[in-house]
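Written out below as structure tokens is the structure these notes cover.
The values are calculated or read from the model by the stated rules, or taken from the named source; none is laboratory data. What you are looking at is a predicted structure, and each value in this text was computed from that prediction instead of being measured. A quick note on method: Cβ atoms are made from the backbone with ideal geometry, for glycine too, and the neighbour counts reach across all protein chains shown. In case anyone asks, the SASA skips ligands and DNA or RNA and just uses the protein heavy atoms, side chains included. Shrake-Rupley method; radii C 1.70, N 1.55, O 1.52, S 1.80 Å.
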Amino acid sequence: MREYLLTLCITAAVTYLLTGPVRKFAIVAGAMPEIRARDVHREPTPRLGGIAMFFGLCAGLLVADHLKNLNEVFAKSNEPRALLSGAALIWLIGVLDDKFEIDALIKLGGQMIAAGVMVMQGLTILWLPVPGVGTVSLTPWQGTLLTVALVVITINAVNFVDGLDGLAAGMVCIASAAFFMYAYRIWYGYGLEAAAPATLFAAVLMGMCLGFLPHNMHPARIFMGDSGSMLIGLVLAAGAISVTGQVDPDAMNLFSGSERATVHQTVPVYIPLLLPLTIIAVPAADLVLAIVRRTWRGQSPFAADRGHLHHRLLEIGHSHSRAVLIMYFWSALIAFGTLGYSVNSASMWIVLGIVVLSAVGLVLLLLPRFTPRAPRWAESFVPPRYRRRRAAAAKPLPAAAYTEGGQARQEERRTPVVVGVSGVNGATAIGTRARVDRRRAESSR
């Protein structure tokens, strides 16, 4: 565990320290696209944050290769090298897209090639444990197609959810934390060395996200871009592929005793098969809804719009920070709820806790629908939006404000002119100043 934590800290430190110079490089390189209709930020913000994340990944794997216990992962398995090869390819495609806006079909082809590179080096699904059937071996073609499909779905799910400051990095960090706990339990609890690469991938992924988040939280100083979102999506998929398709469930020796006992004992094996999907449940749901929505409108599935889940949270009335925290909450609930149920499926407290937290999440979603008012004695301790509005005393209108019939005239409503936007990425609103011509002022004197 200490070596995993050291790898995580080194990855986070390298990513954090390199993000600042990468931001300056992105500004100089002109990787600051104009604000699009679907964007929620108000100022051009540099991209290419994936450069720092990729070098953090390289630093984490390099440090792990020189540690005593984690060195065995590199000696006994070729999966870390396969991950690094696929990550380098997908990262390069993302960098070119952040700078030159590559076509969506070209990016899709690059994602398939990156997944194929990992398959060629051994990072593929070899078998699947099916409830009621057992372990089912896959043919090379079946394993390749399933691996490529999982990689492409995960990459695009993470890429689609990257729409708010700190959203994608935080959600993937939460998912990788839950995945690390599950993979470490299989590796340490059951003594399966085949789960060690997945544990290493999850630790490195957590370090990449934690190191980048301080620069990406609202208001963001830099975006990860496609070079970062596709990279962390690929690393997340690689861990899922490794622990699902490389670890043999029969090695856990759970298939013994009566049929009923066997069912309860194998739940920790079968339920986590859904963990790679549950950790990206929110991004995957957003991906499916986006495809259905765009296809229904007659648009391309890759056409960008403002119908994502985070956009809908903003339309309901949530602030930027609250929308991000709500997405964090649901991701953590789904990922850690599934993890807890896989550890002890017979406990009703886990199910009850998930139900209660789900109800809390629904209340948070509907929070802008009602605005509670604090009592008058507590108004000085709450934000202004929760204070009661005091009705102003009605003043009689002057005689000129009435018509001949005694009815009050309706004055034209004047729309105030908004000069600037305050609090957006560190910007301040600058109002119009009264300009006085000094020459005219002196001549009048």
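Conditions tested, residue by residue: (1) small (Gly, Ala, Ser); (2) without any contact (Cβ under 8 Å) to a residue 60 or more places away in the chain.
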{"site": "Leu167", "(1), (2)": "no, no"}
{"site": "Tyr182", "(1), (2)": "no, no"}
{"site": "Leu200", "(1), (2)": "no, no"}
{"site": "Leu210", "(1), (2)": "no, no"}
{"site": "Leu213", "(1), (2)": "no, yes"}
{"site": "Leu231", "(1), (2)": "no, no"}
{"site": "Ala237", "(1), (2)": "yes, no"}
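In the condition set (1) open to solvent by 50 Å² or more (accessible area, probe 1.4 Å); (2) under 27 Å from the mean Cα position of the chain (by Cα), Trp127 is compliant with all but (2). Restricting to segment 34-89, and then to whatever is modelled with pLDDT of 90 or more and among the β-branched types (Val, Ile, Thr), can you tell me which residue is farthest from Arg221 (Cα to Cα)? Within segment 34-89, the match that is farthest from Arg221 (Cα to Cα) is Val63. Scanning segment 84-104 for residues that are open to solvent by 60 Å² or more (accessible area, probe 1.4 Å) and either hydrophobic (A, V, I, L, M, F, W, C) or in a loop (DSSP other than H, G, I, E, B) (or both) yields Leu84, Leu92, Leu96, Phe100, Glu101, Asp103. Inside segment 202-225, residues that are at pLDDT 90 or above and open to solvent by less than 20 Å² (accessible area, probe 1.4 Å) make up a count of 11. Residues in segment 279-300 that are modelled with pLDDT under 70 and open to solvent by less than 50 Å² (accessible area, probe 1.4 Å): Ile279, Ile280, Ala281, Val282, Pro283, Ala284.
Each residue in segment 226-252 was checked for being open to solvent by 10 Å² or more (accessible area, probe 1.4 Å) and either at pLDDT 95 or above or among the polar types (S, T, N, Q) (or both), and 2 of them qualify. The conditions are (1) in contact with a Gly (Cβ under 7 Å, 6 or more places away or on another chain); (2) open to solvent by 10 Å² or more (accessible area, probe 1.4 Å); (3) farther than 22 Å from Phe336 by Cα, and Gly191 fails exactly one of them. Which is it? The single condition Gly191 does not satisfy is (1).
In this structure, Leu61 does not qualify as among the hydrophobic types (A, V, I, L, M, F, W, C), open to solvent by 40 Å² or more (accessible area, probe 1.4 Å) and part of a helix (DSSP H, G or I). Of Phe160, Phe180, all but one fail to be assigned to a helix (DSSP H, G or I), open to solvent by 10 Å² or more (accessible area, probe 1.4 Å) and at pLDDT below 85; the exception is Phe160.
The set of residues in segment 61-86 being touching a residue at least 60 places away in the same chain (Cβ under 8 Å) and basic (Lys, Arg) consists of Lys68, Lys76. Filtered by the rule that a residue be in a helix (DSSP H, G or I), of a type in the set (A, V, I, L, M) and surrounded by 19 or more Cβ atoms within 10 Å (Cβ to Cβ), segment 67-83 gives Val73, Ala82, Leu83. Within segment 320-332, residues that are β-branched (Val, Ile, Thr) have Cβ atoms under 6 Å from residues that are open to solvent by less than 40 Å² (accessible area, probe 1.4 Å) and not in a helix (DSSP H, G or I) in these pairs: Val324/Leu164; Val324/Gly166, counting only partners at least 6 apart in sequence or on another chain. Against the condition open to solvent by 30 Å² or more (accessible area, probe 1.4 Å) and in a helix (DSSP H, G or I), how does Gln142 come out, does it pass? For Gln142, the condition - open to solvent by 30 Å² or more (accessible area, probe 1.4 Å) and in a helix (DSSP H, G or I) - is met.
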